[in-house]
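One structure below.
The values are calculated or read from the model by the stated rules, or taken from the named source; none is laboratory data. What you are looking at is a predicted structure, and each value in this text was computed from that prediction instead of being measured. Because the Cβ atoms are built from the backbone with ideal geometry, glycine has one as well, and the counts that use them run over all protein chains shown. Only protein heavy atoms, including side chains, enter the accessible area calculation; ligands, DNA and RNA are left aside. Shrake-Rupley method; radii C 1.70, N 1.55, O 1.52, S 1.80 Å.
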There are 2 protein chains.
Amino acid sequence: MDLLPPARAVFITGFMGTGKTTNGSRLAGSLRLPFVDTDDVVEDLAGRKIKDIFAEDGEECFRELETEALRKVLRGPRSVVATGGGAMTRPENVSLMKAAGPVICLEARAETIQHRTGRRCERPLLLTSSPLDTIRELLAARAEAYAQADFRVSTDHGERETILREMRSALGSDARGCLLVQPFTRVPVCAGNGEYGVHLAPDALRSLGRLCPPLVAGTRCAVVTNETVGRLFGERVLESLHAVGWEPRLATIPDGEAHKTLKTVSMLYDALVDAGVDAGGAVFALGGGVVGDVAGFVAATYRRGIRFAQLPTTLLAQVDASVGGKVAVDHPKGKNLIGAFYQPSAVVVDTGTLVTLPERELRCGLAEVIKHAIIADVALFEYLEENLHEFVALDCLAVRYVVARNCQIKAHFVEQDPFDRGVRAALNYGHTIGHALERAAGDWQLHHGEAVAVGIAAEARVALELGLCDAETVHRQIALLEQAGLPTYVPGIDADAAWTALQQDKKIAAGALRLPLVPRIGAVEVRERVAPETLLGALTMACGEPHGS
Amino acid sequence: MDLLPPARAVFITGFMGTGKTTNGSRLAGSLRLPFVDTDDVVEDLAGRKIKDIFAEDGEECFRELETEALRKVLRGPRSVVATGGGAMTRPENVSLMKAAGPVICLEARAETIQHRTGRRCERPLLLTSSPLDTIRELLAARAEAYAQADFRVSTDHGERETILREMRSALGSDARGCLLVQPFTRVPVCAGNGEYGVHLAPDALRSLGRLCPPLVAGTRCAVVTNETVGRLFGERVLESLHAVGWEPRLATIPDGEAHKTLKTVSMLYDALVDAGVDAGGAVFALGGGVVGDVAGFVAATYRRGIRFAQLPTTLLAQVDASVGGKVAVDHPKGKNLIGAFYQPSAVVVDTGTLVTLPERELRCGLAEVIKHAIIADVALFEYLEENLHEFVALDCLAVRYVVARNCQIKAHFVEQDPFDRGVRAALNYGHTIGHALERAAGDWQLHHGEAVAVGIAAEARVALELGLCDAETVHRQIALLEQAGLPTYVPGIDADAAWTALQQDKKIAAGALRLPLVPRIGAVEVRERVAPETLLGALTMACGEPHGS
């Protein structure tokens, strides 16, 4: 099942006296979301009490105001929203509500409603001589409207705790609601000999031990990290592992890509031997792509392979590198030249670590997120078009959805092609030109994600030139990259140097470049034998000044 | 299907005039074996012509001599043996012949026989007035005897080439005969993701290119070898690879176990980069266990794994290390500490390389051969008891059978347990005590195979002490090791030092040693929780002087 974006709101509706306010605010409290009653918003908008609106301007005027209130609420933060009892009688409201999230209708028998409402006298609709009959008539009249709700919860006999549990359980069974109530999102990955899980939560590192317990108490393991990440999260990881019986030892490698070498690997072998890690032990890779690659290679080759968990702390590692089993270090003559395919036993993604990332690094990770959406998921792409601000603000549900969905997309390609000999080439979208620009510019000038963003824009234009897609498809890709604050042109870079770097790719020299291209958002195809001139044109344009697009 | 030992002889029988001598000697020529006619041996034994034996002492005397001749021939070298036309009428002869190898009966019609024999007059049985009737009567009388042959080939119309082809094809369909006619023995190994073949032949390296062609002509590959082996076989390997379109480069590492290090691995990465080996390339490991382990590890980790062929040139590597996918280098703190499970794409065993081995190294390899026979194949064990001299003399069919059968046994364990977590522990028979002795003695004093031989003898005694086997089972193991010139006691070694070395094994410290033990030749079981005292006793005895066994 594909993950869906988190609900923008959870709606509590139902007849008066069914307990919308009481139960809605309890639900909001348990979800740590604000609680909003549209009746309050209506009164705010109108500047008078609802009974006065009914009395002075009639029900139709109230319904207009109620719809306006709903729209206003949905522009605000994610919340639990109690509506008026008649809100669902208006098709416009139903559309607004169902597009934003699950709708829970609270129910009660007419007698219960009369008993509960009898104590109050402000309900305009019940100011009649025979309230029970009126209630019954209204309930019958609204039956069809309430039937449009996603879930029904009876409040007749239930204790408050029971009602709360039933509402939460309804949310947990809803594709958009489950993010609100489930502590972890688990994405299964089937690759190589077995399945492993990607476990995501905002504070997942504190649950690490419970997710990855040792087979035997007292087993030694190593937590490989770098200086920066170790300072931030080392203690909490050691504590969590220690609590379940591991005997963990921290092994810290220097920060930076320059240390992704066989020398660092050799140092880690020594550290593992010193720590007494044996064949039953494990390596936990706590950090970004470099830590994951180096520690993964060590785990793959120490005692012919020991267990290994990825604990990615950067967006790039969370959405890309931690899933797929590629582990490697660099050789002076080539990146990732020494490596293996070695699947982790688990990936634990603590989305809370992203708050520690420099903004530029977060935006760089977004380049791969946008790439995944472009090649594989139009719904994710549209979600990003609408909600990128939520993600950039690190709204925890938005982050959990986006990261989990990206892991799912990556897993989809990895499962089909565990050794990267076929369809996995699609993941290279934007990377052919991107790599060339990165090499021509030098890492200090253009980070990997920025180079990929420019590469995506350029390769989108290649697809347009080859008649593979329309201008709108190109425009939407570029617009989303720009919305993410990523470059789509790099006027400072020498196109000749980039072209030379690109030609060093042997496949191009042989005139047989395979390029993944995007015919429409959410799809990708690998184009054989793309002519070098076409690429040169796109590359030159990418290095020029942007002109009206 | 299990491999069977090579035939000791191929028998050509059939009625007179069916062409036994002509066709038998042609078959012998094509198999490069000597040709023997039992009639000639009979005349040698008797010192007179066959017709005189018949005339003077009668047929029964001739038949006695013929049986004696058969026995004599079978004590000599492997050969193609033509028998007299009536040899198969004696059950004793049939038993002798069928135990030694396939029996081909040549056939012809009575008229053909009369035509062919008419020209000669020395056939005692045909000195009658009506030869055609006599032929028919004799053919009928012998029909039952000839029916015991394994194959029948008609010589009525056939050209000589056709008859030869039919005889060879008959041999090729026979489990013992096929070694005589098939240029290669192929043992399939199913492990990990696919199947690969072990190809054995006396001159297999010259066929290497044909067995392992490149996917694309001009592909670069590296032949990793050491100084000694490179000098002996480097040129022929390069030539064979070059001939089929590889662009091979020799990468030589220093001789010896001391260079099985990450440093050598790093040097080989550089060599592969310099040679331009890319992801479509390959590594050929030409040498013994060290070269196979180091080159295999490089192949497993260069560009996340490239194709890799084992070309083992020592007996130990041929019968053990080259099959199973274990590749590794040593760490100062532990042997094989850095490694992987990485199956080769092919194993090419040139049994002819064994002639270059020092005798001590050949005998050391025999320790693992005998171990395989003890734990898994009573027929191989009995073959070795009878024919060890043939193997030690490097008779090419004996070597091909023994090496191939050993690969098959090793493959059997590897296939069931590719990651060495279960039944593969049985292969460790003799190695627990063997390793302890090896570490206590130092490699210069006791080679691995010698230590294993002493270990087998000691662990056989452990099984006896635990009441798991009888004394005869122990005695046969020790006798075969001694026949192979391997030690079964090592009085020079300090038992205390060996015991300390053995205790360093954590499993022993925890009092939970798992030891593979042999209840009878051809079987093995892993015994849990063998008491340390039992082992100490066996170890102390192994380090003492041999006493009457």
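Screening the range B:283-293 for residues that are assigned to a helix (DSSP H, G or I) and more than 13 Å from every other protein chain (Cβ to nearest Cβ) and picking the one that is farthest from B:Met267 (Cα to Cα) gives B:Gly289. The residue of the range B:321-341 that is farthest from the other protein chains (Cβ to nearest Cβ), among those that are under 26 Å from B:Ala204 (Cα atoms) and open to solvent by 10 Å² or more (accessible area, probe 1.4 Å), is B:Ala321. Only residues that are surrounded by fewer than 17 Cβ atoms within 10 Å (Cβ to Cβ) and of a type in the set (A, V, I, L, M, F, W, C) were counted in the range A:397-424, giving 2. Looking only at residues in the range B:172-200 that are of a type in the set (Gly, Ala, Ser) and in a loop (DSSP other than H, G, I, E, B), which one is farthest from A:Gly192 (Cα to Cα)? Once the filter is applied, the top-ranked residue is B:Gly177.
Meeting the requirement of 2 or more residues that are touching a residue at least 60 places away in the same chain (Cβ under 8 Å), the helices (runs of 4 or more DSSP H) wholly within the range A:1-118 are A:20-31, A:50-57, A:59-75, A:91-100, A:110-117. The single residue among A:Val265, A:Val277 that is within 13 Å of A:Val327 (Cα to Cα) and either open to solvent by less than 10 Å² (accessible area, probe 1.4 Å) or more than 11 Å from chain B (Cβ to nearest Cβ) (or both) turns out to be A:Val265. One residue alone among A:Ala222, A:Ala204 is at pLDDT 95 or above, surrounded by 19 or more Cβ atoms within 10 Å (Cβ to Cβ) and in contact with an Asp or Glu (Cβ under 7 Å, 6 or more places away or on another chain), and that residue is A:Ala204.
State yes or no: is B:Asn428 open to solvent by 50 Å² or more (accessible area, probe 1.4 Å), under 22 Å from the mean Cα position of the chain (by Cα) and in contact (Cβ under 8 Å) with a residue 40 or more places away in the chain?
Taking the combined requirement at face value, the residue satisfies it.
Being in a helix (DSSP H, G or I), surrounded by 17 or more Cβ atoms within 10 Å (Cβ to Cβ) and among the small types (Gly, Ala, Ser) is the filter here; which residues of the range B:455-491 pass it? Listed by number, the residues that qualify are B:Gly455, B:Ala457, B:Ala458, B:Ala460, B:Ala463.
Listed here are the residues, each with its yes/no results for (1) modelled with pLDDT of 95 or more; (2) in contact with a helix residue (DSSP H, G or I) (Cβ under 9 Å, 6 or more places away or on another chain); (3) closer than 30 Å to A:Asp377 by Cα; (4) aromatic (Phe, Trp, Tyr).
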position: A:Pro5; (1), (2), (3), (4): no, yes, yes, no
position: A:Gly14; (1), (2), (3), (4): yes, yes, no, no
position: A:Gly17; (1), (2), (3), (4): no, yes, no, no
position: A:Ser25; (1), (2), (3), (4): yes, no, no, no
position: A:Leu33; (1), (2), (3), (4): no, yes, yes, no
position: A:Asp37; (1), (2), (3), (4): yes, yes, no, no
position: A:Lys49; (1), (2), (3), (4): no, yes, no, no
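Of B:Glu361, B:Glu368, B:Glu386, all but one fail to be in contact (Cβ under 8 Å) with a residue 40 or more places away in the chain, under 26 Å from B:Ala484 (Cβ atoms), open to solvent by 50 Å² or more (accessible area, probe 1.4 Å) and away from chain A (no Cβ under 14 Å); the exception is B:Glu361.
Taken together, the criteria exclude A:Ala149 from residues that are out of contact with any helix residue (DSSP H, G or I) (no Cβ under 9 Å at 6 or more places or on another chain), part of a loop (DSSP other than H, G, I, E, B) and closer than 30 Å to A:Leu4 by Cα.
Scan the range A:204-245 for residues that are within 12 Å of A:Phe284 (Cβ to Cβ) and assigned to a loop (DSSP other than H, G, I, E, B) and the total you get is 2.
Go through the residues of the range B:342-355 one by one and say whether even a single one is in a strand (DSSP E or B) and within 14 Å of chain A (Cβ to nearest Cβ). No: the range B:342-355 contains no residue that is in a strand (DSSP E or B) and within 14 Å of chain A (Cβ to nearest Cβ). One residue alone among A:Ala379, A:Ala373, A:Ala411, A:Ala398 is touching a helix residue (DSSP H, G or I) at 6+ places or on another chain (Cβ under 8 Å), touching a residue at least 60 places away in the same chain (Cβ under 8 Å) and over 16 Å from A:Leu486 (Cβ atoms), and that residue is A:Ala398.
In the range A:516-535, which residue that is of a type in the set (A, V, I, L, M, F, W, C) and under 19 Å from A:Asp377 (Cα atoms) is surrounded by the most Cβ atoms within 10 Å (Cβ to Cβ)?
Filtering the range A:516-535 for residues that are of a type in the set (A, V, I, L, M, F, W, C) and under 19 Å from A:Asp377 (Cα atoms), the one surrounded by the most Cβ atoms within 10 Å (Cβ to Cβ) comes out as A:Val518.
Somewhere in the range A:247-259, is a residue touching a residue at least 24 places away in the same chain (Cβ under 8 Å), charged (D, E, K, R), within 14 Å of chain B (Cβ to nearest Cβ) and open to solvent by 10 Å² or more (accessible area, probe 1.4 Å)? Checked against the condition, which is being touching a residue at least 24 places away in the same chain (Cβ under 8 Å), charged (D, E, K, R), within 14 Å of chain B (Cβ to nearest Cβ) and open to solvent by 10 Å² or more (accessible area, probe 1.4 Å), the range A:247-259 yields no hits at all.
Among the residues of the range B:294-320, those that are within 14 Å of chain A (Cβ to nearest Cβ) and in a helix (DSSP H, G or I) comprise B:Val294, B:Gly296, B:Phe297, B:Val298, B:Ala299, B:Ala300, B:Thr301.
Considering B:Val294, B:Val229, B:Val237, which residue is farther than 25 Å from B:Asp203 by Cβ and either modelled with pLDDT of 95 or more or in contact with an Asp or Glu (Cβ under 6 Å, 6 or more places away or on another chain) (or both)? Outline the logic, then answer.
Values: B:Val229 fails: farther than 25 Å from B:Asp203 by Cβ; B:Val237 fails: farther than 25 Å from B:Asp203 by Cβ.
Residue meeting the stated conditions: B:Val294.
If you go through the range A:438-450 and keep only what is free of Cβ contacts under 8 Å to residues at least 24 places away in the same chain and in a helix (DSSP H, G or I), you end up with just A:Glu438.
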